[in-house]
1. Between Asp64 and Arg86, what is 0.36 nm times their sequence separation minus the Cα-Cα distance? Round to one decimal in nm.
2. As an exercise, take the mean of 1/r over every pair of distinct alpha carbons in the stretch 3-87, invert it, and state the Kirkwood radius in angstroms.
3. Taking the Cα atoms only, what angle lies between the long axis of helix 3-28 and the longest principal axis of the chain, rounded to 10 degrees?
4. Quote to one decimal, in nm, the extra length available between Ala51 and Thr31 on full extension: 0.36 nm per residue of separation minus the C-alpha distance between them.
5. What percent does the relative contact order of the chain come to when contacts are Cα pairs within less than 8 Å and at least six residues apart?
6. Can you tell which of Val44, Tyr83, Leu69 lies farthest toward the positive end of the dipole of the stretch 3-87, using +1 and -1 charges on the Cβ of basic and acidic side chains (Lys, Arg; Asp, Glu)?
7. For the pair Ala5 and Leu20, how long in nm is the line joining their label points, each one 7 Å along Cα→Cβ?
8. Could you tell me how many degrees, from 0 to 90 and to the nearest 10, lie between the Cα long axis of helix 32-57 and the main elongation axis, the longest principal axis, of the Cα atoms of the chain?
Amino acid sequence: MTLQAFALYGVMSMLAFALLLVMIRLIKGPTLPDRVVALDIISVLGIGFVATYCVGTGRSAYLDVGIVLGLLVFLGTVAFARYLERRV
């Protein structure tokens, strides 16, 4: 096992552990904004998984998927913020 493979497995396991913690926050979150922030973090972790996969395999085509996912998440967060602003 090379050092790069060991580092990639370490990064993937840390991202998976962070995903587990965020899922707990998503389920346990007392308010709606807590759950939306948890969903936002889940998508950021998904982008992290895609970027780590790209580094591990050397395929840069999947980085476009991460960029599009980031843009969609940003638009969703802005839409939710506008919804909360009008609701209050």
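1. 4.6 nm is the gain from fully extending Asp64 to Arg86.
2. After inverting the pairwise mean of 1/r, the radius is 14.1 Å.
3. 20
4. Numbers: separation 20, 0.36 × 20 = 7.20 nm, distance 3.08 nm.
Here the answer is 4.1 nm.
5. Relative contact order of the chain: 25 percent.
6. Tyr83
7. 2.4
8. On a 0 to 90 degree scale, this one is about 20.
Every number here is computed from the coordinates shown, using simple stated rules; none is lab data. This structure is a prediction, so every number in the text was calculated from the model and none was measured. FYI the Cβ positions are ideal-geometry reconstructions off the backbone, even for glycines, and counts take in every protein chain you see.
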